[in-house]
Amino acid sequence: MQDTFGRNITYLRLSVTDRCNYRCNYCMAEEMTFLPRQQVLTLEELSRLGRIFIELGVRQLRVTGGEPLVRRDVGALFHRLGQHIGHGLDELTLTTNGALLSRYASALYEAGVRRVNVSLDTLDAQRFHQLTRLGDLNQVLDGIQAAAQIGLKIKINTVALKDVNAHEIEQLVIWCGERGYDLSLIESMPLGEIGDLRDAHFLSLDKVRERLKQRWTLTPSTYQTSGPARYQQIAETGQRIGFITPYSHNFCATCNRVRLTCTGTLFLCLGQENDLDLRQPLRDGATDAELKALILQAMRHKPEGHDFDADRLADGAQVVRFMSMTGG
Ligand code: SAM
Ligand code: SF4
């Protein structure tokens, strides 16, 4: 699959639910109305679309949400998707808040998952509970440990938030360094309406990087995953640190990804509205060939890039969908 800018699309982020057991305040509103179940793709529909994308050239598939592990049949989905590893698919991964990781770690490993991204914004139990509105930090830490013990490589994702966790980033670097986890820092993005919180907490990672450089030796790393992070190597801890900076450094030029929501809408860009509904044709009995033709046609509409603008943060959401809807 190639778009009109010559980018090969080899990465699919598959959101399997819009539901979540947390309500992180930068991601969701406190009161969320989730989708009725009949609007959400079934296990069969998700695994069929997953296979179709792999046949079209997707080599990396990341399962996300909402919180993917709250979906009851998620174990079966991983099992099915995992069967494509080595047959078109290079890697099957997961982004999770970690709350249910203890329960699923071994099933994930057995399905062929080898790397998981766990979102963790603070190591302070009280702050964690405040930020997630529902979360128990110890449950997440136990989940991470269970996953690491089983052999899953862990990357921690942290959204950097001014006046919330900015002062904890050094501690997170040390904590990850001691455990052999990579760490990616993320700037908050203007997705979904959450009032004025996001503007108040926006923190530029350029500043964070400068501060970290005063303490550690950071050298640009050639390491590149299929994600948007730019990595630096920290000499003292031996670990990598990634910076995901949608505003400061536009990562669109090398974008290789598309996103499929749990309702079967294909989004060609996180920050734009171009989309294609696959659920209707799927439920109307479209053949694999017909679905593939639709997807290939949609690739022609992948935009060159998003146009998030840090100066417009105060205006509220620049894209009306929440990250949990499109799949983070
Ligand atoms: N529930 C899972 C989790 O928290 O890892 C997967 C879905 S979540 C939407 C995926 C990632 O998106 C998380 O790392 C989260 O911190 C991040 N995220 C959510 N809303 C965001 C926003 N507005 N800006 C930047 N990152 C955001
Ligand atoms: Fe849920 Fe993940 Fe959004 Fe937090 S970031 S509310 S865990 S979907």
* Ala125-Asn138 pseudo-label distance in nm [points 7 Å out on the Cα-to-Cβ vector] -> 0.5
* To do: Kindly express, to the nearest 10 degrees and within the range 0 to 90, the angle between helix 205-215's C-alpha long axis and the longest C-alpha principal axis of the chain.
  => 40
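So for the chain: antiparallel DSSP bridges make up what percent, rounded to the nearest 5?
Approximately 30 percent, going by the DSSP bridge assignments.
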* **the chain: calculated mean residue ellipticity at 222 nm from DSSP helix runs of at least 4, using -39500 (n - 2.57)** => -9000 deg cm²/dmol
* **Linear extension gain, Gln2 paired with Arg37, 0.36 nm per residue minus alpha-carbon span** => 9.3 nm
* What does the charge add up to near Met299, with Lys and Arg as +1, Asp and Glu as -1, over the other residues with Cβ less than 12 Å from its Cβ? -> +4
* **Peptides ranked, highest mean first, by Cβ atoms within 10 Å: ranges 293-303, 69-79, 53-63** => 53-63, 69-79, 293-303
* How do the peptides 126-139, 108-121, 9-22 rank, highest first, by the average count of neighbouring beta carbon atoms within 10 Å per residue? -> 9-22, 108-121, 126-139
* Within-15-Å neighbourhood charge of Arg7 [Cβ basis; K, R +1; D, E -1] -> +3
* Structure fact -> Per residue, accessible area of the chain with a 1.4 Å probe, heavy atoms of protein chains only, in Å², comes to 43
* Okay, which of the stretch 40-78 sit inside 12 Å, backbone N to the point 7 Å along the Cα-Cβ direction of Asn21? -> 67-72
* Folded to 0 to 90 degrees: helix 169-179 orientation relative to the chain principal axis, Cα -> 70
* Can you list, bin by bin at 10 Å, the percent of alpha carbon pairs in the chain, starting at 0? -> 6, 27, 37, 25, 6, 0
* To do: Calculate how steeply helix 288-299 sits against the longest principal axis of the alpha-carbon atoms of the chain, using the helix alpha-carbon long axis, and give the answer as 0 to 90 degrees to the nearest 10.
  => 50
* **Partners for Lys162 among lysines (Cα-Cα distance below 30 Å; same-chain residues under 8 apart left out)** => Lys153, Lys207, Lys213
* **Reachable lysines, given that their alpha-carbon falls under 30 Å from the alpha-carbon of Lys302 and they are not under 8 places away in the same chain** => Lys155, Lys292
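The values are calculated or read from the model by the stated rules, or taken from the named source; none is laboratory data. Predicted, not measured: the structure shown is a model, and the values here were computed from it. Heads up, the Cβs are rebuilt from the backbone with ideal geometry, glycines too, and the neighbour counts pull from every protein chain shown. Accessible surface areas use protein heavy atoms only, side chains included; no ligands, DNA or RNA. Shrake-Rupley method; radii C 1.70, N 1.55, O 1.52, S 1.80 Å.
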